[in-house]
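Here the structure is laid out as C-alpha cells; the discussion comes afterwards.
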Amino acid sequence: MPNRTLRQKLPSKTTVLQQPGLRHLAHLFGDARLWSLNRSSVSRGLAIGLFWTFVPIPLQTIPAALTCIVIRGHLPIAALIVWISNPLTWFPLYGSAYLFGAWVLGQPIPDLSTIDLAWMKGQLVTLWLGCMILACLFAVVGYLLGHALWQLRALQQWEKRRTMRKPRTDTRSKPDKPRGSGEKAS
C-alpha cells in the first residue's frame, strides 16, 4: 500500500510527542487515529492542510492540528502541507487569492504603482473572500485527489502482486481411471 512510503518519510508519533514543547499536549495528539495511515485519514489531512494554507493568518499549523483532532485527519500530512505557505510563497498564494476575490466582486485590478498601506487595508474583504473560496476549492480537490491517488496506487500494487503470482497448479493426485468408467458387473 502507499502507506509504506509515507511511513518511511513522515515522523512517527513518538518522535513528535517527545519534543519538549509538545509533551504537555500528548493527551490531545496521542490519539492513534491522528497518525493512522489509511486512505480516509490521509485524504482528510491533505484537505485540512490545503484549507489552512490559504487562510492568511500566522501560525497556521496550530489551527490545522486542532482541525485534525476534531475530524481525525492525518496530523503530519496536514502540518507538512500547511508549510507550503511561507514567506517565499505568500505573494503568489495571497496575490492570486486577492485577484480571484477581485474578480468575484467585479473590482478593477489596481496599478501596482498606486498601491500603499491605506489601500491594502481597504482590500481585506477582497483578499479574505478570495482566500476562503480558494481554500475550500483546494481542500475539496485535495481530498478527492488524495482518495484517487491512494486508490490508483493500491490498484497498481495489487496488479503487480497478481502478475508476480505463479499460476496455481492442481496438486491433487489424479486417479488412473475416472470413476464409473469401469466394466459393468454381470
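The values are calculated or read from the model by the stated rules, or taken from the named source; none is laboratory data. These numbers were taken from a predicted model, which means no experiment stands behind them. Backbone-built Cβ (ideal geometry, glycine too); neighbour counts: all protein chains shown.
Beta carbons closer than 7 Å, at least 6 apart along the sequence or on distinct chains, never pair a first residue in the range 151-165 that is farther than 19 Å from ASN38 by Cα with a second that is at pLDDT below 85 and not in a helix (DSSP H, G or I). So, in the range 50-75, of the ones that are in a helix (DSSP H, G or I), farther than 15 Å from GLY142 by Cβ and touching a residue at least 24 places away in the same chain (Cβ under 8 Å), which residue ends up nearest to the chain's Cα centre (by Cα)? For the range 50-75, the residue satisfying everything is LEU75. Within the range 119-172, how many residues turn out to be at pLDDT below 80 and among the hydroxyl-bearing types (Ser, Thr, Tyr)? Total meeting the criteria: 2.
Could you tell me whether the range 77-98 includes any residue that is part of a helix (DSSP H, G or I), more than 26 Å from ILE48 (Cβ to Cβ) and modelled with pLDDT under 85?
Residues of the range 77-98 part of a helix (DSSP H, G or I): 77-82, 90-98.
Keeping just the survivors that are more than 26 Å from ILE48 (Cβ to Cβ) gives none.
For the range 77-98, residues part of a helix (DSSP H, G or I), more than 26 Å from ILE48 (Cβ to Cβ) and modelled with pLDDT under 85: absent.
Taken together, the residues in the range 118-144 that are in a helix (DSSP H, G or I) and surrounded by 14 or more Cβ atoms within 10 Å (Cβ to Cβ) amount to 16. Take ARG4 and decide whether it is out of contact with any helix residue (DSSP H, G or I) (no Cβ under 7 Å at 6 or more places or on another chain), modelled with pLDDT under 85 and closer than 18 Å to HIS147 by Cα. Judged against the criteria, ARG4 is a match.
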